[in-house]
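Peer 1: Pasting a structure below so you can have a look.
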Amino acid sequence: MRMTGRQFRRHKVDRAQEAERIINRAASDSQSVLSSGSRLFYEIQFHKDALAKSSQPRALLNKNHIDVYAQISDKIFLASSTSQNLVEFQESIRKLTVGKNKNDSAWLSAISKISVIKKKYKLTFSPNAVSAEGKIRAYLFLADVLSEEEGKQVAIDIKNRTLVETEYFVSESGAKVIYGSFARRFIDEISKEDPRNPIVRIEKSIDFFASEELPTEYDLDTVTVTDPDLDASVAVVDSGIFKHPLMSNLIVGVEDNIGDPTKEDLSHGTFVAGRIIYGNDIENQVRNLRTLNARARVLDVKVMKGGRAGTSAILKIVNNSTYENIKVFNLSLNNENDTSLISGIKSFFTRELDSIAHKYKVCIIVTAGNQQTYSSKPYPVCLTEQSSLITSPGDIVNGLSVGSLADTHSTRAMALVNEPSPFSRVGMDGQKKPDLVHFGGNCDGYGNCGGVGVKSFALNPRKISEGIGTSYAAPLVSGITAQIYAYLKSVGRESMDLTKALLLHSASYALPIGSSINPNDLRRFVGFGIPDFDRAMNCAQSSATFFYTGRIKNDEQNGETKEYKHKIKFIVPPELGTRGKMIRIRGTLVFTPLISELGHKDYILADIEANLHYRNSRGTDASAGLTNDASDHRPRWNTIKSFERTFSNSARGSYTGGEWEIWLNLTAREKADTPDYSQDYALVLTIEDVSPDVATRLDLPRIIREQYQAYVPINQRIRTRVQL
């Protein structure tokens, strides 16, 4: 920041006075509601034109023993220090002159404000909806600079002060948390601006509600049940599963986190489990085929809505060797009262799920959520309203969120077959969120689904129920995910990143004829589309699909510095490089990185950038110049990257066959920006002959299998021989 001497002197006086106000407030006689001794908590804001990279403000503040524990925006940081360090910081400000310490003067001029933390940064919800005497179940987050013992002591102080039973724990994301049911007046009190208060964020515990079932019942005939072809299993974290005679042999166990049969309602969990096991066409299998073909088994994980039941139940499973085969978790739980995409701040529940996925290498599949905007807005306008945005935990980044499509239509129904369901929540402009979609039903403007819902089992063993909701789309994706993982494990290529990459790579979507949906909205309506197990495992005759798994180590890479760590080679047969040929290269990259504790701006702490390099007509390496248009999805700090590029050899030619490359680069920040951090990844890559003359398209799997043994595509006949 350029300043005249006079401007700088005024500037440093203002900053020194701001620091002094915090110091004086901390030294006041008035009692603080909570305190962590000599530790102070405050906000530092940098000028909008200062410091291009987020790593710079942190380094400058750390130089003066000021710890940054959260980044609110590009230029606003929440920080902490001891009272003595802040006094020393204030004194250093006073001593700075324009003529000396030029480096310090430069960074000091970039600081535009030092102030007490605003209430809006602490309180993530409005308590006004709760009466002054009411109770609010909430998570109180402590600054991470506190030690374990200091955190426990704060929890004891709160318990003694409020007479509320509290629970102190360190979350999977690393945050120090106090959980309890507190009076509104206490929430109001601890959210006031006070630099001594170690509670830096207050978050309301979210209630999750099962989608409403509108049953249409059918008599069941005696049917045959076949076992799954693969050892695929899904943990159903839900209301519980009824031991239905057509499912009981496919339930591998029960983990009861409720413990009170009077509080159970098994209808929702049973409906979900039926769709995981048998898929979307249960009615057809029962009434016409008279045979139910099981695709997966399920683990019944009973939980109640609200509280920490969902995440604690998952942790019990991943830490229990009895369930080492359970790597896919289905959470058909909807939070219909909070649109978390708007603020961009991740809820505690989302953060815990993302942390569990990273730490334990599991796949957590959640619903995008249901909304009722369709009752007041016509279709498809109801999908574009702000009130229709995805809610927690549908904003998960290390797992997958699933939206709903209609699979049946009637004269009264709002959506056509294969259009997004009227009730399905969607992402923001430019996002591919939800990640995937599948069939969850249709409805009319009154919310009725009779005849256009999806089917599964009821608590009456001789009936089938009908219902609607993203709750019933997610199980279909969970079943496919478990099948892919089980297959990879059976051939020695066990990897959850690769499982997700194949799942996403197999997804496709096309709007039905006559749809009034704007194609530009499809990214945020359907994500990558509908996944398919057979497409994930096999190649078409004119295409070859390769997959790669690996790890990029951070080494000495610092902050935003780029160094391409991995160059992955793949083969484009010379036969594809002849005149008149046209090829399409499509790739999907997946990784599951470390995430931050509080879920502010810098949430994802590691990123992998993917770039395609090809052999041009001169035979030299060239960058494909990938973009972020409709065919490519490569935003920074996104855990799923995809790209697609078509090359055409016209009369003048544009490419040649041979070894092409994908370049991968790792960038890390905050706690991941250390020499020993490494990031696993999976890449799926498809080469397809899309030459205009269909008759001349090549049998790529055969050519590669016979001529290029080092590059073996996924193919039904040879897929067990896939190599790195």
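The values are calculated or read from the model by the stated rules, or taken from the named source; none is laboratory data. This structure is a prediction, so every number in the text was calculated from the model and none was measured. Methodologically, a virtual Cβ is constructed for each residue, glycine included, from the backbone with ideal geometry; neighbour enumeration extends over all protein chains shown.
Peer 1: Would you confirm whether any residue within region 431-439 is among the charged types (D, E, K, R), assigned to a loop (DSSP other than H, G, I, E, B) and closer than 18 Å to Ser332 by Cα?
Peer 2: Taking region 431-439 as the starting set, the residues that turn out to be among the charged types (D, E, K, R) are 432-433, 435.
If we keep only those that are assigned to a loop (DSSP other than H, G, I, E, B) too, we end up with 432-433, 435.
Among the residues that remain, those that are also closer than 18 Å to Ser332 by Cα are: 433, 435.
Yes, there is a match, as at least one residue in region 431-439 is among the charged types (D, E, K, R), assigned to a loop (DSSP other than H, G, I, E, B) and closer than 18 Å to Ser332 by Cα.
Peer 1: Given Ile276, Ile314, Ile241, which one is closer than 30 Å to Ile178 by Cα and either of a type in the set (Val, Ile, Thr) or touching a strand residue (DSSP E or B) at 6+ places or on another chain (Cβ under 9 Å) (or both)? Break it down into steps so the answer makes sense when it comes.
Peer 2: Numbers: Ile276 fails: closer than 30 Å to Ile178 by Cα; Ile241 fails: closer than 30 Å to Ile178 by Cα.
Only one candidate passes the filter, namely Ile314.
Peer 1: If you go through region 59-71 one residue at a time, do you hit one that is loosely packed, with under 13 Cβ neighbours inside 10 Å, among the aliphatic types (A, V, I, L, M), at pLDDT 75 or above and over 16 Å from Glu193 (Cα atoms)?
Peer 2: no
Peer 1: A further question on this structure: I'd like to verify a number: residues in region 630-688 that are at pLDDT below 90, under 21 Å from Val526 (Cα atoms) and assigned to a strand (DSSP E or B), how many?
Peer 2: Residues in region 630-688 being at pLDDT below 90, under 21 Å from Val526 (Cα atoms) and assigned to a strand (DSSP E or B): 1 in total.
Peer 1: Then there's this: From the set of residues in region 489-517 that are surrounded by 23 or more Cβ atoms within 10 Å (Cβ to Cβ) and polar (S, T, N, Q), which is nearest to Ser233 (Cα to Cα)?
Peer 2: Thr499
Peer 1: Still on this structure, please answer the following. Conditions: (1) on the phi < 0 side of the Ramachandran plot; (2) free of Cβ contacts under 8 Å to residues at least 12 places away in the same chain. Leu498 meets all but one. Number of the miss?
Peer 2: Among (1) on the phi < 0 side of the Ramachandran plot; (2) free of Cβ contacts under 8 Å to residues at least 12 places away in the same chain, the lone unmet condition for Leu498 is (2).
Peer 1: Restricting the search to region 66-83, which residues are aromatic (Phe, Trp, Tyr) and more than 14 Å from Lys113 (Cα to Cα)? Please lay out each step first, then the result.
Peer 2: Just the residues of region 66-83 that are aromatic (Phe, Trp, Tyr), to begin with: 69, 77.
Matches in region 66-83: Tyr69 only.
Peer 1: Here's a follow-up. Does any residue in region 599-618 that is more than 20 Å from Asn665 (Cβ to Cβ) come within less than 7 Å, Cβ to Cβ, of a residue that is part of a strand (DSSP E or B) and small (Gly, Ala, Ser) six or more places away or on a different chain, and which pairs are these?
Peer 2: His600/Ala70; Arg615/Gly658; Asn616/Ala622
Peer 1: For Pro519, state whether it is modelled with pLDDT under 95 and either touching a Lys or Arg at 6+ places or on another chain (Cβ under 7 Å) or not hydroxyl-bearing (Ser, Thr, Tyr) (or both).
Peer 2: Working: modelled with pLDDT under 95: yes; either touching a Lys or Arg at 6+ places or on another chain (Cβ under 7 Å) or not hydroxyl-bearing (Ser, Thr, Tyr) (or both): yes.
Criteria met by Pro519.
Peer 1: Within region 432-444, restricting attention to residues that are in contact (Cβ under 8 Å) with a residue 60 or more places away in the chain and more than 16 Å from the chain's Cα centre (by Cα), which residue is surrounded by the most Cβ atoms within 10 Å (Cβ to Cβ)? Full working, then the answer.
Peer 2: The initial filter retains those residues of region 432-444 that are in contact (Cβ under 8 Å) with a residue 60 or more places away in the chain, namely 432-439, 443.
Then drop every residue that is not more than 16 Å from the chain's Cα centre (by Cα), which leaves 438-439, 443.
Details: His438: 28, Phe439: 22, Cys443: 25.
Per the stated criteria, the residue is His438.
Peer 1: What do you reckon, is Pro701 modelled with pLDDT under 90, outside the structural domain of Ala70 (by TED's automatic domain parsing), in contact with a Cys (Cβ under 6 Å, 6 or more places away or on another chain) and closer than 26 Å to Leu504 by Cα? Quick ask: steps written out before the conclusion?
Peer 2: Numbers: modelled with pLDDT under 90: yes; outside the structural domain of Ala70 (by TED's automatic domain parsing): yes; in contact with a Cys (Cβ under 6 Å, 6 or more places away or on another chain): yes; closer than 26 Å to Leu504 by Cα: yes.
Answer is yes for this residue.
Peer 1: Can I ask one more? Take region 160-185 and flag every residue that is farther than 16 Å from Phe348 by Cβ and either at pLDDT 90 or above or of a type in the set (Val, Ile, Thr) (or both). Even if it seems obvious, please write down each step before you answer.
Peer 2: Quick first cut of region 160-185, residues farther than 16 Å from Phe348 by Cβ only: 160-165, 183-185.
Those that are farther than 16 Å from Phe348 by Cβ and either at pLDDT 90 or above or of a type in the set (Val, Ile, Thr) (or both): Thr162, Val164.
Peer 1: While we're on this one: Inspect region 269-280 for any residue being surrounded by fewer than 24 Cβ atoms within 10 Å (Cβ to Cβ), at pLDDT below 90 and in contact with a Leu (Cβ under 9 Å, 6 or more places away or on another chain) and give the result as yes or no. Spell out the reasoning first.
Peer 2: We begin by selecting, within region 269-280, every residue surrounded by fewer than 24 Cβ atoms within 10 Å (Cβ to Cβ); these are 279-280.
Remaining after also requiring at pLDDT below 90: none.
Looking through region 269-280, none of the residues is surrounded by fewer than 24 Cβ atoms within 10 Å (Cβ to Cβ), at pLDDT below 90 and in contact with a Leu (Cβ under 9 Å, 6 or more places away or on another chain).
Peer 1: When you go through Asp407, Asp429 one by one, which is the residue that is more than 18 Å from the chain's Cα centre (by Cα) and over 28 Å from Ser495 (Cβ atoms)?
Peer 2: Numbers: Asp429 fails: more than 18 Å from the chain's Cα centre (by Cα).
Exactly one of Asp407, Asp429 is more than 18 Å from the chain's Cα centre (by Cα) and over 28 Å from Ser495 (Cβ atoms), namely Asp407.
Peer 1: Let me ask something else about it. Pick from Ile396, Ile342, Ile314, Ile326: which is in the same structural domain as Gly467 (by TED's automatic domain parsing), within 12 Å of the chain's Cα centre (by Cα) and either modelled with pLDDT under 95 or of a type in the set (Val, Ile, Thr) (or both)?
Peer 2: On the way: Ile342 fails: within 12 Å of the chain's Cα centre (by Cα); Ile314 fails: within 12 Å of the chain's Cα centre (by Cα); Ile326 fails: within 12 Å of the chain's Cα centre (by Cα).
Exactly one of Ile396, Ile342, Ile314, Ile326 is in the same structural domain as Gly467 (by TED's automatic domain parsing), within 12 Å of the chain's Cα centre (by Cα) and either modelled with pLDDT under 95 or of a type in the set (Val, Ile, Thr) (or both), namely Ile396.
Peer 1: Right, Thr481: assigned by TED's automatic domain parsing to the domain that holds Ser343, in contact (Cβ under 8 Å) with a residue 60 or more places away in the chain and either in a loop (DSSP other than H, G, I, E, B) or of a type in the set (S, T, N, Q) (or both) or not?
Peer 2: yes
Peer 1: Whether any residue in region 207-225 is of a type outside the set (A, V, I, L, M, F, W, C) and modelled with pLDDT of 85 or more is what I want to check. Break it down into steps so the answer makes sense when it comes.
Peer 2: Quick first cut of region 207-225, residues of a type outside the set (A, V, I, L, M, F, W, C) only: 207, 211-213, 215-219, 221-222, 224.
Okay, now just the ones that are also modelled with pLDDT of 85 or more, so 224.
Yes, the conditions are met somewhere in region 207-225.
Peer 1: Might you check whether a residue that is within 29 Å of Ser267 (Cβ to Cβ), assigned to a helix (DSSP H, G or I) and hydroxyl-bearing (Ser, Thr, Tyr) occurs anywhere in region 499-520?
Peer 2: Filtering region 499-520 for residues within 29 Å of Ser267 (Cβ to Cβ) gives 503.
Now narrow it down to the ones that are assigned to a helix (DSSP H, G or I): 503.
Still in the list and also hydroxyl-bearing (Ser, Thr, Tyr): none.
There is no residue in region 499-520 that is within 29 Å of Ser267 (Cβ to Cβ), assigned to a helix (DSSP H, G or I) and hydroxyl-bearing (Ser, Thr, Tyr).
Peer 1: State whether one or more residues within region 451-464 are among the aliphatic types (A, V, I, L, M), buried (at least 19 other Cβ atoms within 10 Å of the Cβ) and either assigned to a helix (DSSP H, G or I) or not assigned by TED's automatic domain parsing to the domain that holds Val328 (or both).
Peer 2: Filtering region 451-464 for residues among the aliphatic types (A, V, I, L, M) gives 452, 454, 458-459, 464.
Still in the list and also buried (at least 19 other Cβ atoms within 10 Å of the Cβ): 452, 454, 458, 464.
Now drop any that are not either assigned to a helix (DSSP H, G or I) or not assigned by TED's automatic domain parsing to the domain that holds Val328 (or both), which leaves none.
Taking every residue of region 451-464 in turn, none turns out to be among the aliphatic types (A, V, I, L, M), buried (at least 19 other Cβ atoms within 10 Å of the Cβ) and either assigned to a helix (DSSP H, G or I) or not assigned by TED's automatic domain parsing to the domain that holds Val328 (or both).
Peer 1: In region 16-58, what count of residues is obtained for those that are modelled with pLDDT under 80, assigned to a helix (DSSP H, G or I) and touching a strand residue (DSSP E or B) at 6+ places or on another chain (Cβ under 8 Å)?
Peer 2: 4
Peer 1: Regarding Ser596, is this residue over 28 Å from Trp660 (Cα atoms), touching a Phe, Trp or Tyr at 6+ places or on another chain (Cβ under 8 Å) and of a type in the set (Ser, Thr, Tyr)? Give the steps one after another, and end with the answer.
Peer 2: Details: over 28 Å from Trp660 (Cα atoms): yes; touching a Phe, Trp or Tyr at 6+ places or on another chain (Cβ under 8 Å): yes; of a type in the set (Ser, Thr, Tyr): yes.
Spelling it out, Ser596 is indeed over 28 Å from Trp660 (Cα atoms), touching a Phe, Trp or Tyr at 6+ places or on another chain (Cβ under 8 Å) and of a type in the set (Ser, Thr, Tyr).
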